[in-house]
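What follows is a single structure, written as structure tokens, with notes after it.
The values are calculated or read from the model by the stated rules, or taken from the named source; none is laboratory data. Quick caveat: nothing in here was measured; it's all calculated off a predicted structure. When we count neighbours, we look across all protein chains shown, and the Cβ atoms used for this are built from the backbone with ideal geometry, even at glycine.
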Ligand SMILES: [Zn+2]
């Protein structure tokens, strides 16, 4: 579990998410998408943004598997996002 703190421009991820890389990375991508899209949980807008992001990640993985570069137009960060949030791992907070 994690949270994007809009005011502090940071992502906080509960420490137990570190037990599995896939869990941590999934949570990280989820929270970064909140930061990039500005949309909240349970909205179609967030679902669409996250789906698009998963497509970008999958595309990068396919390209990497073929040892190819990309065209420079694929970004993990929204182009209109001026600042990447900090990522913190904490011992635990209510979720
Ligand atoms: Zn969320």
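Quickly run through segment 42-57 and pick out the residues that are more than 14 Å from the chain's Cα centre (by Cα) and part of a helix (DSSP H, G or I). Once the filter is applied, which keeps residues that are more than 14 Å from the chain's Cα centre (by Cα) and part of a helix (DSSP H, G or I), segment 42-57 yields 44, 45.
When the criteria are applied in full, residue 42 fails the requirement of being under 20 Å from residue 88 (Cβ atoms) and out of contact with any helix residue (DSSP H, G or I) (no Cβ under 8 Å at 6 or more places or on another chain). Checking each residue in segment 11-29 for being touching a strand residue (DSSP E or B) at 6+ places or on another chain (Cβ under 8 Å) and touching a residue at least 40 places away in the same chain (Cβ under 8 Å) picks out 11, 12, 13, 14, 15, 17, 18, 28. When the criteria are applied in full, residue 39 fails the requirement of being within 12 Å of the ligand (Cβ to nearest atom) and within 11 Å of the chain's Cα centre (by Cα).
When residue 79 is tested against (1) in a helix (DSSP H, G or I); (2) modelled with pLDDT under 55, only condition (1) is not met.
Residues that are away from the ligand (no atom under 12 Å from the Cβ) and either surrounded by fewer than 16 Cβ atoms within 10 Å (Cβ to Cβ) or assigned to a loop (DSSP other than H, G, I, E, B) (or both) within segment 11-36 comprise 15, 16, 18, 19, 20, 21, 22, 23, 25, listed in sequence order.
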